[in-house]
Structure formats: structure tokens, C-alpha cells
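Enquirer: Let me begin by handing over the structure; questions about it come next.
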Amino acid sequence: MENIEKVKLFSESVSKIKEQIHKDVVGQEDIIDSVIIAIVSGGNVLLEGVPGIGKTRLVRSLSKVLSLPFSRIQFTPDLMPSDVTGTNVIEKDENGNMKQKFEKGPIFANLVLADEINRATPKTQAAMLEVMQEHKVTVAHETYKIEEPFFVMATQNPIEQDGTYPLPEAQMDRFMFKLLMKFPKLEELSEIVNMTQITMDETAESVVDGPTILEMRELAKGVPCIDDVTDYAMKLVAATHPELEGAGEVATKYIKYGASPRACQALITAAKVRALVYGNYNVSIADIDALAYPVLRHRIKVGFNAISEHLSVDDVIGLLIKEVKKAK
Amino acid sequence: MSERFNEFKKKMTIEVLVKALLIGLSVGFLASGGAILTLKLIGIALHPLYIALIVAGGLALGAGVFSAIFFPLKPSDLKVAKRLDEELGLNEKMQTMVIFKDSDAPVMQLQREDAVSVLSTKPTKSVKFRFSLVVLAAFIVTGAVFTTSHVVPVIDHTVQHQTPTDPPYILDSWTEQAIMDLIKYINSSEAQPPAKEQLVGNLEALLKNLKVDGVTIPQMQEYVENTIYMNTSSINRVNVGDDIALALSTADEKAILHISSAMLKADKNGLEKAILELKDILDSDGFMVMAPRIHKQMGQAMEAAGIDKTETDIARQLYRLSNLIDFTAKNESRYATFMASIEPVLNEASRRVPEAIIEEKVNIAVKDYVNDRLVKIFQINPPEQQGPQSGGHNNETGNNDVGDHTGGMGTGELIMGSDDVILDYEEGYVQYKDVISKYLADLLALYEDGTLPEEYKDLIDYYYGLLYGSIKADEEGEETGTPGSDGDGTGV
């Protein structure tokens with residue numbers, strides 16, 4: 001197929017994916033869009049939401065639609081790194097000889113749901129996050145690559161704080177997005193109840209496969225982004241740093257520390273995918289503005305002033321966007 | 001670029017063109033109009049050629065400003081794209097299309113198609129024509145300045161100084177009649193004809209001047225003061241008695257001193273007696289010695305004093321007497337024939353000279369009366385000095401005037417003609433100038449009758465020599481000439 005045709009079909013493919021997912025997941029359009037963007041971009045997602053709002057169902061449905069193997073890892077305080085990555089086991093071969101065999105862990109899937117990642121110990125968290133970063137596992141000097149596309153959606157429960165090991169900022173930076181899954185609206189809740197009364201199984205059908213996702217990823221890389229947009233994304237990330245010379249009022253007043261350069265990479269990469277997802281063929285400032293929230297909210301730490309003024313991280317990000325646009 | 005894009009670009013180009021034109025014209029209007037208006041306001045009138053040159057210069061400046069604004073601001077494809085993205089909400093589609101116009105990537109081809117497709121749905125009027133009200137206002141204001149500069153006339157800053165006009169003087173009939181009455185008085189007075197003629201002439205000249213149109217009061221005062229001055233000068237010219245008396249006061253011969261004294265006092269009888277005293281001196285055998293002596297002291301003294309007033313009766317009489325005494329003495333050897341020749345002349349002189357002295361006093365009296373009347377008629381302050389002060393008698397000064405010199409009465413000020421008031425034993429409080437001649441005559445009389453010793457003669461000579469300017473205070477011993485002449489007066 002001509003590349004042009006493939007580009008044209010990109011948004012169609014995404015529409016189909018969304019359509020199928022909506023068969024199993026009610027509402028949460030923004031979350032679904034962001035998850036798709038993250039998958040196509042090659043990033044991972046940290047999802048925060050109360051229990052029972054469909055986090056597992058989303059990933060499971062996604063795996064069906066994308067025809068990708070799915071695994072769910074429930075993180076508990078006693079979870080060991082080998083429980084995630086896999087370990088070598090001793091077994092008898094057909095000749096009865098003892099040999100080592102690597103038993104792959106649940107991480108060896110294309111779509112992984114790391115549930116309540118903040119409940120595991122930092123060691124287990126680190127093992128998980130290392131795989132997320134490198135897309136490979138090294139056990140006993142043997143390296144095992146994870147098949148692409150590889151996507152991890154980690155979850156955190158916003159309520160439960162006792163007995164948790166909050167992810168350090170450096171680890172948080174490895175997630176492309178942090179998405180906030182809200183409680184469904186009343187009408188959505190009604191639809192969920194009605195739907196699950198019929199069946200609890202996911203009814204979504206497969207519309208794309210892994211190679212297609214990879215193709216889409218390559219296509220998205222070719223989406224043009226003019227310098228003005230790139231500059232805007234960089235200024236937005238730089239504006240989160242109060243220690244920089246010429247720091248704006250928002251950063252100085254409300255932010256304790258700002259986002260890393262990964263945020264800038266995430267913004268541009270995701271913006272290119274987003275443009276194609278919405279049927280555009282260029283990155284725009286509107287794309288950057290929309291992606292600023294999921295990209296930055298887990299990468300900046302607000303200060304006491306924001307807390308005392310009851311400003312959430314998203315509120316501060318909104319102020320940053322206004323400040324950067326005003327300065328433009 | 002697409003056709004629609006070019007349409008937008010054309011619209012934006014026109015916008016910049018209009019803006020640059022308005023600004024250029026505004027600058028041109030301000031420069032030329034401001035210059036012309038400024039010059040007119042400060043009063044400089046310009047030739048139309050110069051105005052045209054200034055306007056041309058302003059337009060040239062405006063053209064320069066237009067170019068400086070239009071070409072840099074002329075919208076490029078990227079500027080147009082940026083503005084389209086901003087105003088039409090195209091999310092950087094246009095800018096991406098322009099920047100990556102040379103890219104053959106599949107996505108770029110689709111992007112271009114998409115951008116063109118989206119833009120085609122936007123009419124050109126969806127981009128509003130940007131018009132700066134400030135620029136428009138500036139154009140209107142500068143246009144008004146330019147128009148005003150051509151309409152307003154040159155402001156004339158010449159200040160018309162109005163000299164304060166003096167109040168006019170109008171000669172009324174009463175004043176004219178008063179002057180006419182004065183003329184009648186003069187003509188009917190006992191003054192000598194030359195004196196009358198001078199005084200009447202002066203008054204007629206005054207009347208003539210006052211009848212001229214446009215005479216002001218200060219001018220009238222000046223005319224009257226000049227008339228008073230002229231009256232005094234005229235009488236001084238006519239009266240020679242005192243001049244002769246002062247000239248004769250340089251003599252040693254007592255008889256001549258007596259004549260001088262009597263003349264100064266205007267003592268008619270004394271003058272008769274003093275002239276006839278010469279007869280007694282000559283009526284002896286020593287006439288051949290006395291005659292030249294008398295001639296020298298009398299005739300030559302008068303000549304040395306510059307009294308060349310042979311027109312006057314007094315001078316003529318005395319010159320004739322002096323010359324005849326000398327001539328007869330030289331040509332007659334016998335006393336009897338000598339006396340026979342000079343006696344009639346002596347007698348005539350003794351009669352005529354005193355009469356003339358009295359007549360001169362009448363001249364002065366008439367002149368004083370006329371001057372007093374003029375002061376009263378015109379109600380002016382009497383002039384302090386009647387005429388310029390200068391030394392000697394060869395000038396038209398008032399009686400008793402002498403030149404500026406030091407000495408006299410120990411004050412260092414001019415005494416002769418001074419207005420200093422003294423207490424005279426006969427006259428009471430008078431001005432010194434009015435009695436000084438009387439004092440000189442009295443001193444001479446005292447000297448003649450022996451009351452004053454010989455040695456006082458030199459003192460008298462010196463004192464009156466200073467008064468009359470014949471001696472300078474710092475030139476003691478240089479006593480020459482008659483009293484009153486500059487630097488060469490002699491003592492009395």
C-alpha cells in the first residue's frame with residue numbers, strides 16, 4: 001500500500017480501535033485517546049483512578065482490538081522482581097538431564113497492566129521500570145527482548161496511601177502520560193450497569209495488529225512539526241523550572257521542581273501521533289496544549305503556595321500555558 | 001501556493017501598502033507643512049518656488065518612509081501563513097505547508113492537500129483588513145497641518161512702536177495779542193533802535209514758529225526759551241558800554257579808570273566828569289607825554305579787547321577821542337592849538353557817551369521786561385542760564401557772563417554770571433552777577449581817590465581778571481589782554 005494511503009488510513013484505523021473499545025468501555029474518551037496515542041508513540045501510561053472504573057477492562061479490551069498478548073501483574077508488597085521479569089528454573093530434558101530454563105515472567109507480553117504499582121517494593125518497581133525503559137530483560141547474563149509493540153499501563157490508587165511505596169520522580173519520568181480516570185457520569189454509569197448485566201466479557205473485536213501499530217508509529221514520525229511549535233513545547237517545559245534564569249511567575253510561585261527533557265520528547269512524539277489521530281497532518285500548538293496535562297502532571301511538583309491556594313497540578317499547568325502564550 | 005492563499009496574500013499586501021502610504025504621506029505632510037507653517041508663524045514670507053521645493057522635499061521624505069515601511073513589512077508567504085493560522089484558527093496548517101513546501105514526504109503531500117482544502121473553505125473576507133486608527137488619525141492631523149500651512153497668511157511681527165505724542169500747542173488769540181503788545185511796547189520804548197530791531201525781530205520769529213501746524217508744548221517751551229536767550233544775546237551785542245568799561249579798567253591812568261568805573265555804574269554825571277577829566281590832564285605843558293599815554297591806555301586797550309564796534313556811538317566817540325588826542329599831540333606842537341582841536345571832541349564825548357550808557361541801560365531794562373513777560377505769558381520756568389557760557393566778550397553771551405575758570409570768591413565756581421545770592425548793602429539780597437560790575441566800579445573809585453593803597457591795585461587786577469576769564473587760576477603772572485578774553489585778560 002502506498003504510504004500516502006497508509007497515512008490516510010491512520011485516523012480510520014484509530015477510529016476503528018476506539019469504536020471497538022467503546023464496546024467494552026463506556027465513556028473515558030480522553031483516556032482511550034491518550035492510551036492509543038501512548039501505544040502508537042511507544043510510551044507507557046500511569047493511570048490513576050479509584051478501583052472498579054475499568055482500568056483492567058480497558059487494557060484487556062485494547063489487547064483484543066490490537067490483537068496483542070495481554071498480561072496483568074498485581075503488585076503487592078511481597079512481589080519480587082523475578083515475579084515480574086521471570087526466572088531460571090531447573091528442569092529435566094527429554095534425556096533426563098537437569099538443565100536451566102528461563103521461565104518468562106508476566107512482563108513478557110505486548111500489553112501489560114501493572115496494577116497498583118505503588119504497592120510493590122522499590123526493588124520490584126525498579127525491575128519493572130527498567131524493562132519499561134529498555135524493552136528487554138537480563139537474567140543470569142542472558143538477555144531476553146520484549147516483543148514490540150510493548151506497552152505498560154501502570155495504575156495507582158489515589159485513595160490508598162498506607163502501605164504504599166510512592167514511585168520516585170525519576171521513575172515517574174519514564175511514563176509518557178499520567179492519566180486521571182474519573183468516576184463515570186451518571187448516564188455512563190447507567191450504561192455500564194446495563195452493559196454488564198448482559199455480559200461481563202469484552203466483546204471488542206480485533207481490528208489491527210502489532211505490526212500495524214508499528215507501521216503507524218513509523219508513519220507518525222514523519223508528521224511535520226514547525227519550529228514555532230517545537231519552540232513552544234520547549235518553552236512550556238522550561239517554564240516549569242523556577243531555578244532557571246528568567247523563570248516565570250508561575251514557576252517561581254507554585255512549582256518546586258520542573259519537568260525533565262523527556263517531557264519535551266514526549267510532547268513532540270505524542271503530538272505527532274495525536275495530529276494523525278485527529279485527522280491532521282501537522283503538529284499544532286493545540287496538540288501541545290492538549291498533551292501538556294498528561295505529559296507534565298507527574299513530572300512537576302507543586303510547592304506550598306499552590307497547595308495553600310488549592311491549586312491542583314492541572315491548574316498550575318493551565319497557568320503555565322497561559323503564561324507561555326502571553327510571552328510569545 | 002494555492003490560488004486562495006495568493007488572494008489572501010494580495011489582500012495583506014494591499015493592507016501594508018495602504019499603511020505605508022498613509023505613514024509616508026503623514027511624514028511628508030508633517031515635514032513640509034510643519035516647515036512652511038513654522039516659517040509663516042515667525043513672519044518669514046516664502047516665494048512660491050521655495051514652498052514648492054519644501055513640499056517636494058516633504059514628499060521625497062514621505063516616499064523614503066513609504067519604502068522603508070512597505071518593503072520590510074511586505075508580507076512573505078510565511079507571514080501570510082502565520083496570520084491565516086492565527087486569524088482563521090488553522091492550527092499551524094498554513095505555516096507547515098509553507099515551511100515544508102519542498103518536502104516530498106507522503107505526510108507532507110497530504111498536509112498540503114489538507115491545508116489547501118481547508119483554506120479554500122475560507123473566504124478572503126474572513127481575514128479582516130487591519131487598519132490602525134492611530135495611523136489614520138496621524139494622517140488626518142498631518143494633512144490638516146499641511147493644508148493649514150498653505151492657507152494661513154504670514155504673521156507680521158513688526159511691532160508698531162507708538163511714540164508718545166506730545167500734547168499739541170495751539171496759539172490762542174490772547175497769547176498772540178500779548179506778544180503783539182510786547183512788540184508795541186518795545187517799539188514805543190526808549191531802547192536804542194538796534195536793540196528794538198533785535199527784540200522785535202526775535203518776537204516776530206517766535207510768533208511765526210508758534211503758528212506752524214503741529215507745534216507741541218515742549219516745542220513751544222523751547223521756542224520761548226530760545227527767544228529769551230536771543231533777546232539777551234541781542235542786547236549784549238548792542239550794548240558795548242560794559243565791554244568798553246572793562247577794557248578801560250586795564251589802564252593805569254586814573255582818569256581812564258574813572259571813566260571805566262562810571263561806565264560800569266552807569267553814572268551819567270560821573271562819566272561826564274570823568275571824560276572831562278582828560279581835559280584837565282591834557283591841559284598842561286605835559287600834553288605831549290600824556291596824549292600818547294592816554295591813547296595807549298584807552299584806544300589800544302579797547303583795540304586789544306577786540307572792541308571793534310565802531311558802529312556803536314560809544315565806541316565811535318571814544319575811539320575818535322583817543323585817536324584824535326594822539327594824532328593832534330603828534331602834529332601840534334603848541335598846547336593851545338592842541339586843546340582847540342580836542343576840546344570839542346572831548347565835550348561831545350562827555351555828553352554823548354553818558355547818554356549812550358543810559359540808553360544801554362534802557363536796552364537792558366526793556367529786554368528784561370520783555371523776557372519777564374514771556375515767562376509769564378507762556379508760564380514757563382525762567383531759563384537758568386541765558387545762553388552758553390564761554391570766555392571773553394567776543395561771544396553772544398549775556399552781560400556779566402565769563403568763561404569757565406576757577407577762582408573768585410574762594411569757591412572754585414564760576415562767579416561771573418553766577419546765580420549765587422549775596423546780601424548787597426544797597427540792593428539787599430541779589431544775585432552776584434547783578435552787582436559785580438558795581439563792585440568793580442566802587443573799587444576803582446576807591447582806588448582813584450586814594451582810599452585804597454597802590455598795592456591793592458594788583459589784587460583788584462588779579463581778582464577781576466579771574467572773574468572775567470582773563471587770568472586762569474593756575475597761570476598767575478600771565479596777565480595779558482583785556483578782561484574777559486580767553487587767557488589773555490589783564491588785571492583791572
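Enquirer: Is there a residue in region B:187-202 that is surrounded by 16 or more Cβ atoms within 10 Å (Cβ to Cβ), among the β-branched types (Val, Ile, Thr) and closer than 25 Å to residue B:312 by Cβ?
Expert: Restricting attention to region B:187-202, the residues satisfying the condition of being surrounded by 16 or more Cβ atoms within 10 Å (Cβ to Cβ) are B:189, B:191-192, B:194-196, B:198-200, B:202.
Of the ones still in play, those that are also among the β-branched types (Val, Ile, Thr) are B:200.
Now narrow it down to the ones that are closer than 25 Å to residue B:312 by Cβ: B:200.
Yes, region B:187-202 contains at least one residue that is surrounded by 16 or more Cβ atoms within 10 Å (Cβ to Cβ), among the β-branched types (Val, Ile, Thr) and closer than 25 Å to residue B:312 by Cβ.
Enquirer: While we're looking at this one, here's another question. Among residues belonging to region A:260-293 that are within 13 Å of chain B (Cβ to nearest Cβ) and among the aromatic types (Phe, Trp, Tyr), point out the one that is nearest to the chain's Cα centre (by Cα). Spell out the reasoning first.
Expert: First pass over region A:260-293, keeping only residues within 13 Å of chain B (Cβ to nearest Cβ): A:271-276, A:278-290.
Still in the running and among the aromatic types (Phe, Trp, Tyr): A:278, A:281.
Working: A:278: 19, A:281: 23 Å.
Residue satisfying both the conditions and the ranking: A:278.
Enquirer: Moving to a separate point now. What is the residue count in region A:1-33 for residues that are within 14 Å of chain B (Cβ to nearest Cβ) and part of a loop (DSSP other than H, G, I, E, B)?
Expert: 2
Table: residues versus (1) in contact (Cβ under 8 Å) with a residue 40 or more places away in the chain; (2) in contact with a Lys or Arg (Cβ under 8 Å, 6 or more places away or on another chain); (3) surrounded by 14 or more Cβ atoms within 10 Å (Cβ to Cβ).
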{"residue": "A:172", "(1), (2), (3)": "yes, yes, yes"}
{"residue": "A:177", "(1), (2), (3)": "yes, no, yes"}
{"residue": "A:185", "(1), (2), (3)": "yes, no, no"}
{"residue": "A:192", "(1), (2), (3)": "yes, no, yes"}
{"residue": "A:203", "(1), (2), (3)": "yes, yes, no"}
{"residue": "A:211", "(1), (2), (3)": "no, no, no"}
{"residue": "A:217", "(1), (2), (3)": "yes, no, yes"}
{"residue": "A:229", "(1), (2), (3)": "yes, no, yes"}
{"residue": "A:237", "(1), (2), (3)": "yes, no, yes"}
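Enquirer: Are there any pairs, at least 6 apart or on different chains, whose C-beta atoms fall under 9 Å, with the first in region B:102-113 and more than 7 Å from chain A (Cβ to nearest Cβ) and the second in a loop (DSSP other than H, G, I, E, B) and at pLDDT below 85, and if so, which?
Expert: Note: pairs meeting the criteria are B:112/B:2.
Enquirer: Considering only residues that are more than 11 Å from chain A (Cβ to nearest Cβ) and in a helix (DSSP H, G or I), which ones fall in region B:118-134?
Expert: B:119, B:120, B:124, B:125, B:126, B:133, B:134
Enquirer: Let me ask something else about it. Quick check on region B:135-148. Is at least one of its residues out of contact with any Lys or Arg (no Cβ under 6 Å at 6 or more places or on another chain), farther than 30 Å from residue B:73 by Cβ and part of a loop (DSSP other than H, G, I, E, B)?
Expert: no
Enquirer: When you scan region A:124-135, do you find a residue that is in a strand (DSSP E or B), free of Cβ contacts under 8 Å to residues at least 40 places away in the same chain and under 29 Å from residue A:218 (Cβ atoms), even just one?
Expert: Within region A:124-135, not a single residue is in a strand (DSSP E or B), free of Cβ contacts under 8 Å to residues at least 40 places away in the same chain and under 29 Å from residue A:218 (Cβ atoms).
Enquirer: Confirm whether residue B:65 is within 13 Å of chain A (Cβ to nearest Cβ) and in contact (Cβ under 8 Å) with a residue 40 or more places away in the chain.
Expert: Criteria not met by residue B:65.
Enquirer: If you don't mind, another one. Counting only residues that are surrounded by fewer than 18 Cβ atoms within 10 Å (Cβ to Cβ) and of a type in the set (Ser, Thr, Tyr), which one in region A:31-70 is farthest from residue A:262 (Cα to Cα)?
Expert: A:67
Enquirer: Select from region B:79-101 the residues that are touching a helix residue (DSSP H, G or I) at 6+ places or on another chain (Cβ under 9 Å), more than 10 Å from chain A (Cβ to nearest Cβ) and surrounded by fewer than 24 Cβ atoms within 10 Å (Cβ to Cβ) and list them in ascending order.
Expert: Answer for region B:79-101, where residues must be touching a helix residue (DSSP H, G or I) at 6+ places or on another chain (Cβ under 9 Å), more than 10 Å from chain A (Cβ to nearest Cβ) and surrounded by fewer than 24 Cβ atoms within 10 Å (Cβ to Cβ): B:79, B:80, B:83, B:87, B:88, B:101.
Enquirer: Tell me, which helices (runs of 4 or more DSSP H) lie completely within region A:155-258 with 1 or more residues that are touching a helix residue (DSSP H, G or I) at 6+ places or on another chain (Cβ under 7 Å) and away from chain B (no Cβ under 14 Å)?
Expert: Hits in region A:155-258: A:169-172, A:210-221, A:227-238, A:249-254.
Conditions (1) touching a helix residue (DSSP H, G or I) at 6+ places or on another chain (Cβ under 8 Å); (2) at pLDDT 85 or above, marked per residue:
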site: A:39; (1), (2): yes, yes
site: A:42; (1), (2): yes, yes
site: A:45; (1), (2): yes, yes
site: A:98; (1), (2): no, no
site: A:102; (1), (2): no, no
site: A:128; (1), (2): yes, no
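The values are calculated or read from the model by the stated rules, or taken from the named source; none is laboratory data. Quick caveat, the model's predicted, so the values are computed rather than measured. Cβ atoms come from the backbone with ideal geometry, glycine included; neighbour counts cover every protein chain shown.
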